[in-house]
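Derivation of every value follows stated rules applied to the coordinates shown; laboratory data play no part. If you're wondering where the values come from, they're calculated on a predicted model, not measured in any experiment. FYI the Cβ positions are ideal-geometry reconstructions off the backbone, even for glycines, and counts take in every protein chain you see.
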Amino acid sequence: MTEPGIGRMSTPFRDSVDSLLPRFETPLVPRNSISGRALVAVVAIMTFLASLTTGAAVLISKAAGEWQSDIAREVTIQIVPAPGRDLDAAVDKAASVARAVTGIVEVRPYSRDESTKLLEPWLGSGLSLNELPVPRLIVVKLATDATPDLAQLRRMLADQVPGAVLDDHRGWIDRMRAMAGSAVVLGLCILVLMFAATILSVTFATRGAMATNKAVIEVLHFVGAKNSFIAGHFQHHFLILGLQGGAIGGGAAIILFAIASATSRWFAGTAGAEQTSALFGSFSIGLIGYAAVLGQVILIAAVTALTSRQTVNNTLEMID
């Protein structure tokens, strides 16, 4: 509790106190303490993990968008074998019907051998599929600047080519969209947990720093130093620590993403690289991803400083 009369100190005494308050030969919060270095390490790790999470969410979102774009530009016509049905004639008829629809730029029927090879990754090679009802496929590519009437194409196929089924891959697109959305939500949840852990770490570090300098803080508080004056020193100190840790963690993440992008370009053309590129794209998070990482560095530093200031203010209010 502040002693009565402190707030009404004589002017000479107050002037002497005020002249001494801002002049610290040593900082109120030690800059190179063990706890400070530990907090920099914690912030760096949290920033690195948060940046990896953000980058992964960006990669998944971009890859899902590319998948959706590729699938949305293609539809498939399947013709199921049936007794007495001439598949070759049905395929030719369905292809001609598709070519007559406005907005379709390419129609490619698959032969029986090509349709059989599509099953080899699952059934293996060397199998005789003559007795199995393997459908014949026709891949139809749509124009990017026009929207063909797929409902009309479906009706024309049903009238003119019995057994033909038009698949617009809408189910795949919906699943990809749901997958991308789930990945983004999961990334946001992980980021929230990391920020919560960072806030707790800063809170404990601030209380530890205040406990270490308890005598100095009590003297300043006793002679009339405002809470904002004391909290400002802690805020500045932890802002520097947050920027240091954020720069280390964010810089490491940026370097990692740059190396991954360069490596994917270096090994482009190999079988493994093609499979990886099909799943995750070019491993480049782009300008948006790098801007998000830099934004996280600034945000974590701001959160560190504000958390420290709030902790100091709450502690000093308890002393009052």
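Taking other Cβ within 10 Å of each residue's Cβ, how do ASP174, ASP168 sort, fewest first?
ASP174, ASP168
Quick check: from the Cα gyration tensor, does the stretch 81-162 come out rounded (a/c under 1.5), prolate or oblate?
Oblate, because a/c is 1.5 or more while a/b does not exceed b/c.
Take LYS141, LYS214 and order them by how many other Cβ atoms sit within 10 Å, fewest up front.
Result, fewest neighbours first: LYS214, LYS141.
Roughly speaking, what is the stretch gain from ARG175 to ALA72, that is 0.36 nm per residue apart minus the C-alpha to C-alpha distance, in nm to one decimal?
35.8 nm
Can you tell me the order of 190-197, 40-47 when each peptide is scored by its average per-residue count of other Cβ atoms within 10 angstrom, highest first?
Working: 190-197: 15.0, 40-47: 21.4.
In decreasing order of mean packing, 190-197, 40-47 become 40-47, 190-197.
Output the peptides 247-254, 59-66, 235-242 sorted from most to least packed, where packing is the average of other Cβ atoms within 10 Å over each peptide's residues.
Most protected by this proxy first, the peptides run 235-242, 247-254, 59-66.
May I ask you to list the lysines whose Cα is less than 27 Å away from that of LYS214, ignoring any residue fewer than eight positions away on the same chain?
LYS226
Taking the Cα centroid of the stretch 96-115 and of the stretch 41-63, what is the distance between the two, rounded to the nearest whole Å?
43 Å
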